[in-house]
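One structure below.
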Amino acid sequence: MHIAIGADHGGFALKEQIAQLLKGDGHELLDLGASAFDPKDDYPDFAQQVAQAVASARAERGIVLCGSGVGACVVANKIPGVRAAICHDGYSAHQGVEHDELNVLCLGARIIGPELAFELVRVFINARFSGAERHLRRLQKLQAIEQQYRRTIG
């Protein structure tokens with residue numbers, strides 16, 4: 001799978017570990033930074049790049065990290081076509097994909113450790129959208145809301 005990944009200084013070390021895990025699992029990685037630890041960098045820069053890669057289909061899924069996961073999640077959800085969520089438990093990581101077609105996983109590197117992060121990443125990557133009628137209906141409603149605001153703002 002093609003996976004985009006990015007993190008600010010708060011998530012940099014964990015991003016590097018996750019990148020190695022994904023490469024070891026045979027995934028193609030689009031690492032959008034940070035490429036070095038910089039305590040002055042900002043999560044919006046990396047979260048936006050990952051979200052744009054997913055929205056433009058340069059990547060099938062995305063993973064963004066910051067200290068809490070909150071800021072990165074807020075930014076990623078600003079990009080049309082992106083459905084991002086903070087998942088710090090396995091159920092949310094797979095259920096978000098299966099029911100809501102989640103395509104960007106947000107992690108708080110100051111909240112969880114590497115082992116849990118690895119488990120969540122694998123659960124997220126291996127999950128598939130169910131395609132169930134009720135999930136499609138809800139996804140269509142979400143997309144209609146997104147379209148409404150695209151027209152209003154654009």
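The alpha-carbon of LYS40 sits under 22 angstrom from the alpha-carbons of these lysines, leaving out residues fewer than 8 places away in its chain: LYS15.
Each Lys and Arg contributes +1 and each Asp and Glu -1, all at the Cβ; summed about the Cα centre of the chain, the dipole is approximately 640 debye. Pull out a ≥ b ≥ c, the square roots of the eigenvalues of the alpha-carbon gyration tensor of region 1-100, then state rounded if a/c is under 1.5, prolate if not and a/b is larger than b/c, and oblate in the remaining case. Here region 1-100 falls in the rounded category. Working from Cα pairs under 8 Å separated by at least six residues, relative contact order for region 2-153 is 23 percent. In straight-distance terms, cross-link reach from LYS141 covers every one of the aspartates and glutamates whose alpha-carbon lies under 20 Å from its own, apart from those fewer than eight places away in the same chain; here that gives GLU98, ASP100, GLU101, GLU133. By the beta carbon rule, with partners counted only under 4.7 Å, the chain holds these lone Cys residues: CYS66, CYS87. A full extension of the chain between MET1 and HIS99 corresponds to an added length of 33.3 nm, given 0.36 nm per residue minus the alpha carbon distance. Scoring 137-149, 99-111, 12-24 by mean Cβ neighbours within 10 Å over their residues and listing the highest first yields 99-111, 12-24, 137-149. Put simply, when 40-51, 63-74, 125-136 are sorted by average Cβ atoms within 10 angstrom per residue, most first, you get 63-74, 40-51, 125-136.
Bear in mind these aren't lab numbers, they're just calculated from the coordinates by the rules spelled out. On a predicted model such as this, the values are computed, not experimentally measured, just so you know. Neighbour counts are summed over all protein chains in view; Cβ atoms, including those assigned to glycine, are modelled from backbone coordinates with ideal geometry.
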